[in-house]
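The next block holds one structure in the form of structure tokens; read it before the comments.
Coordinate-derived values only; no laboratory data. Because the structure is predicted, anything quoted here is derived from the model rather than measured. Counting neighbours? That spans all protein chains shown, and the Cβs are built from the backbone with ideal geometry, glycine included.
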Amino acid sequence: MSAPPKPVPLTTVESTETSESGAQTLTLSVGPQHSGSGHMRLIVEVDGDIIVNVAPDPGYVHRGIEKIIELRNIIKSIPVIERPSIIDASNLNHAWVRSIEEIQGVEVPRRGQYLRTLLNEMNRIMSHLYWLSIYGVFLGHTTMFMWPLGDRELFIDLAEKLTGARITYSYLVPGGVRRDLPPGFAEEAVKRTEYFEKRLKEYDRIFFNNPLFTSRAKGIGVLSKEKAIELGCTGPTLRGSGVDADLRKDEPYAAYPELDFEVSTRPDGDSFSRAMVHMDEMRESCKIIRQIVKKIPSGPIRRKAPIVLPRGVAYGRVESARGECSFYLIGEGGDKPYRARYITGSYRNMAAIPAVLLGNRLADMPTAWWSIDYWPVEADR
Amino acid sequence: MAPIIGKAKAAVDISIAYLTGIRHLFHRPYTLRFPQQRYAVEKGYRGRHLLHLDRCTGCGICAWICPEKCITIVPRGQRWYPQYFYGRCCFCHFCTDYCPEFALEETVEYDIAEYTRDRLVWSPERLSKPPVKKDDKYVFSVDTIGGASQVPQKEE
Ligand code: SF4
Ligand code: SF4
């Protein structure tokens with residue numbers, strides 16, 4: 001990337017300039033009013049309609065969550081930690097309780113581990129469906145906006161049966177989970193995942209095999225394997241570039257070592273590959289959910305854990321829907337952490353935004369940009 | 001030859017996409033007209049709280065654990081009870097979990113929006129009333145046959 005563009009005032013179209021080579025470029029401000037950018041701004045410099053320079057301008061939804069965590073005890077922090085990405089709440093929550101349990105030395109009962117994994121996988125599907133619906137509407141495909149949001153209701157309803165809440169569960173607590181499986185959950189989960197797999201085939205027919213989509217996504221926004229590793233991408237963005245990296249396999253936690261699933265990778269690194277990685281992951285998550293309800297062991301769901309954080313340092317990380325989410329936690333003996341560093345998948349993937357956009361046409365921006373699955377609130381924290 | 005095959009394949013794929021969409025014109029929607037039609041919520045749903053005045057000792061643990069600081073302990077004669085400000089509550093129900101006397105309970109009532117801010121302050125007396133039974137003539141649940149389906153009414 002060349003030097004970042006000069007700061008521009010908050011209006012839509014900005015100065016035209018003549019670069020050293022004599023070409024006239026135009027600096028555009030995309031966002032931050034969610035005009036296809038999320039709650040952030042992309043400062044885009046175009047030559048004709050070729051993007052020659054991009055500078056992401058995040059921070060519009062920064063809430064200072066790391067500071068808030070330092071001021072609250074470890075239980076009260078849970079609802080706050082879920083807030084950056086409420087569509088993926090339980091995965092973020094899992095990173096938090098993992099780091100706490102590491103300091104406290106508490107071991108979670110196996111049934112509790114399975115229930116955590118169950119909610120994590122449901123959340124992964126919900127998060128990917130939300131991403132897909134926004135992707136659809138960015139590309140002007142209204143049906144692909146409606147269907148995933150409608151089918152998301154299947155899993156929201158399932159999660160509501162399990163946890164009592166629809167979106168922000170606060171379900172994982174240090175030592176285990178808060179509730180056991182309700183009666184009849186297993187049959188309902190199997191029925192819904194099987195129905196959802198049929199729906200995924202319909203998604204393929206209406207959107208992913210549709211030339212209206214493939215012609216706009218194939219070969220657009222290419223991120224090579226080396227570049228993806230160099231930029232430190234994670235999650236579906238990294239796997240879409242052909243890197244086989246998934247914390248659920250590489251550093252198995254919760255119930256993942258006992259479950260049978262595949263890590264999906266696609267070699268091409270374009271927008272289409274990244275989109276298909278999301279689709280494959282939803283299929284795998286359906287399989288995982290069915291395995292969990294079949295072989296969940298009996299026993300306690302929660303072990304007693306103190307509300308104090310002993311002196312110590314821990315690093316807890318999980319594979320959230322958008323990549324690796326981690327906490328670096330320092331305890332000093334009280335009920336509050338001394339410091340909690342909170343890193344999310346979107347934050348890491350921010351570096352890939354200029355890389356996928358440079359050299360593309362302005363009209364290809366929605367396809368390339370949203371295929372990264374960048375969630376501004378999660379990145380700003 | 002290849003471009004022609006490519007174009008033919010594109011035409012077939014587009015037709016399949018349209019047919020898939022058209023088939024769904026005859027499916028039920030997930031959307032409901034809310035106040036008239038409602039989704040069924042089951043026991044265990046984390047809606048508004050129910051306070052058992054006879055069990056509550058006024059210890060204040062609920063107010064201590066509340067992440068949003070929406071509970072105030074208020075006096076009522078000789079005793080103290082929690083008062084809720086629902087403008088801030090995030091329905092995490094840590095207060096219910098941490099109450100040592102089991103004086104708090106989740107209810108299935110979730111439509112507690114009000115026109116004014118002061119109506120969102122729930123006094124202990126108001127919290128102690130069980131939720132009013134709603135007319136359950138048009139209650140729906142999420143169904144895998146494609147959309148929301150009406151819950152059959154129970155015979156009284
Ligand atoms: S509701 Fe429970 S926790 Fe709250 S004051 Fe009463 S007894 Fe204590
Ligand atoms: S549900 Fe949560 S936010 Fe609401 S009063 Fe109880 S502890 Fe506070």
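The residue among A:GLY176, A:LEU132, A:ILE156 whose Cα reaches farthest toward the positive pole of the charge dipole of segment A:132-179, with charges on the beta-carbon of Lys, Arg, Asp and Glu, is A:GLY176. Go ahead and estimate [θ] at 222 nm for chain B from helices alone: -39,500 (n - 2.57) per DSSP H run with n ≥ 4, summed, over the residue count, rounded to 500. So the calculated ellipticity at 222 nm is -6500 deg cm²/dmol. Count charges around A:SER133 for me, please; just the other residues with Cβ under 11 Å from its Cβ, Lys/Arg as +1, Asp/Glu as -1. Taking every Cβ under 11 Å from that of A:SER133, the sum is 0. Which one of A:ILE330, A:GLY64, A:GLN104 is farthest out on the positive end of the charge dipole of chain A, using unit charges on Cβ (Lys, Arg +1; Asp, Glu -1) and the Cα centre as origin? Result: A:GLN104. Counting only other chain Cβ atoms within 10 Å of each residue's Cβ, the peptide B:10-22 averages 5. Sorted fewest first by neighbouring Cβ atoms within 10 angstrom, A:ILE307, A:ILE69 come out as A:ILE307, A:ILE69.
Within straight-line reach of A:LYS191, meaning a Cα separation under 30 Å, sit the following lysines at least 8 residues removed in sequence or on another chain: A:LYS161, A:LYS201, A:LYS249, A:LYS287, A:LYS294, A:LYS295, B:LYS43, B:LYS134, B:LYS137, B:LYS154. Ordered by the number of other Cβ atoms lying within 10 Å of each residue's own Cβ, fewest first, A:PHE327, A:PHE261, B:PHE91 fall into the sequence A:PHE261, B:PHE91, A:PHE327. If you take all other residues with their beta carbon under 10 Å from the beta carbon of A:GLY221, and give Lys and Arg +1 and Asp and Glu -1, the sum is -1. Loop-located GluC sites (Glu not before Pro) in segment A:230-333 (DSSP state other than H, G, I, E, B) with a sparse environment of at most 14 neighbouring Cβ atoms within 10 Å: A:GLU262, A:GLU332. Ordering A:PHE213, A:LEU247, A:LEU231 by Cα displacement along the dipole of segment A:182-318 toward the positive end leaves A:LEU247 in first place; charges were set at the Cβ atoms of Lys, Arg (+1) and Asp, Glu (-1). Each peptide among B:12-24, A:41-53, A:120-132 gets the average number of other Cβ atoms lying within 10 Å of its residues, and from highest to lowest they stand as A:120-132, A:41-53, B:12-24.
Segment A:180-252 and segment B:18-32 have Cα centres spaced 24 Å apart.
Shape analysis of chain A places it in the oblate category; the axes a ≥ b ≥ c from the Cα gyration tensor give an a/c of at least 1.5, with a/b not above b/c. Mean partner shielding of peptide A:153-166, defined as the number of other chain Cβ atoms within 10 Å of each residue Cβ, is 5.
For A:SER224 and A:LYS249, the difference between the fully extended length at 0.36 nm per residue and the C-alpha to C-alpha distance is 6.7 nm. Scanning chain A for helices, which whole DSSP H stretches are 24 Å or more long along the axis (Cα) and average 0.0 or more by Kyte-Doolittle? Qualifying helices, which must be both long enough and hydrophobic enough, are A:142-163. Couplings 3J(HN,Hα) for segment A:368-377, derived from phi with the Karplus relation 6.51 cos²θ - 1.76 cosθ + 1.60 (θ = phi - 60°), are 6, 5, 6, 5, 6, 6, 8, 10, x, 5 Hz, where x marks Gly and Pro. Residues A:ASP335, A:ASP364, A:ASP57, A:ASP244, ranked from the fewest to the most other C-beta atoms within 10 Å, line up as A:ASP244, A:ASP335, A:ASP57, A:ASP364.
In a reduced charge model with +1 at each Lys and Arg Cβ and -1 at each Asp and Glu Cβ, the protein assembly as shown shows a dipole moment near 1240 debye about its Cα centre. Taking Cβ atoms as reference points and 11 Å as the exclusive limit, the residues near A:ALA255 contribute a net charge of +3, counting Lys and Arg as +1 and Asp and Glu as -1. For A:LYS76, the aspartates and glutamates whose Cα comes closer than 15 Å to its Cα, not counting residues fewer than 8 places off in the same chain, are A:GLU66, A:ASP335, B:GLU68, B:ASP97.
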